[in-house]
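Enquirer: Encoded as structure tokens, here's the structure I'll be asking about.
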Amino acid sequence: MAKRRRRYKKRKTASKTDIAVAILIILSILLAVLIYTKSGIIGTKLNEILGGILGIVEYILPIGIFAVGIKLACDGKDNITPKLVQYVVLVLCLCVFFSVLQISMGELHTNSELSDIVKEAYNIGTKDARRRSYRCGRSCATN
């Protein structure tokens, strides 16, 4: 009598996409907590840095990262790079749009060197980020 072969069930392993989706969702939740709430020294510094670099776009960042993570989870495709590139291009376009808006409103003066303009824009974003976090902290504490 011939021996019967045992069939082993293949174990499902976590693919790179699953790990990337989990990392994106955790990162978006962490960024949302640090940016939207009054969250100590780390949140304050992160709010100032992102406010200086991105301006108001910093509030879109966690939502977009979460949306990219969910989109990758729903598609089930293994290619994560195009979605991230599309999101980065969108964020850069929004940053350029808001910078042009600041220049047209007269908040930024373009008659000096580029490094001075970048410093001025960073300082404006940092000041606005401090003001926004202070307002949010007071309104969140009273509710």
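Enquirer: Give me the pairs: first residue in the stretch 14-39 and farther than 15 Å from Gly64 by Cβ and without any contact (Cβ under 8 Å) to a residue 12 or more places away in the chain, second residue among the β-branched types (Val, Ile, Thr) and surrounded by fewer than 16 Cβ atoms within 10 Å (Cβ to Cβ), beta-carbon distance under 8 Å, and six or more apart or on different chains, which are they?
Expert: Ser39/Val33
Enquirer: To continue, here is another question. Can you give me the number of residues within the stretch 70-85 that are surrounded by 11 or more Cβ atoms within 10 Å (Cβ to Cβ) and either part of a helix (DSSP H, G or I) or among the hydrophobic types (A, V, I, L, M, F, W, C) (or both)?
Expert: Residues meeting the conditions: 8.
Enquirer: Of the numbered conditions (1) under 13 Å from the mean Cα position of the chain (by Cα); (2) part of a loop (DSSP other than H, G, I, E, B), Glu107 satisfies every one except a single condition; which is it?
Expert: All conditions pass for Glu107, except number (1).
Enquirer: Would you say Gly51 is touching a Phe, Trp or Tyr at 6+ places or on another chain (Cβ under 8 Å), touching a residue at least 60 places away in the same chain (Cβ under 8 Å) and small (Gly, Ala, Ser)?
Expert: No; evaluated as a whole, the condition is false for this residue.
Enquirer: Within the stretch 54-69, take every residue that is touching a residue at least 60 places away in the same chain (Cβ under 8 Å) and closer than 26 Å to Val21 by Cβ and give me the one that is surrounded by the fewest Cβ atoms within 10 Å (Cβ to Cβ). Spell out the reasoning first.
Expert: Of the stretch 54-69, the ones touching a residue at least 60 places away in the same chain (Cβ under 8 Å) are 54-56, 58.
Filter once more, keeping what is closer than 26 Å to Val21 by Cβ: 54, 58.
Numbers: Leu54: 19, Glu58: 21.
For the stretch 54-69, the residue satisfying everything is Leu54.
Enquirer: Could I ask something else about it? Kindly check whether there is at least one residue in the stretch 109-130 that is modelled with pLDDT under 60, farther than 18 Å from Gly40 by Cα and not hydrophobic (A, V, I, L, M, F, W, C).
Expert: No.
The values are calculated or read from the model by the stated rules, or taken from the named source; none is laboratory data. Because the structure is predicted, anything quoted here is derived from the model rather than measured. Please note: Cβ atoms are built from the backbone with ideal geometry, for glycine as well, and neighbour counts cover all protein chains shown.
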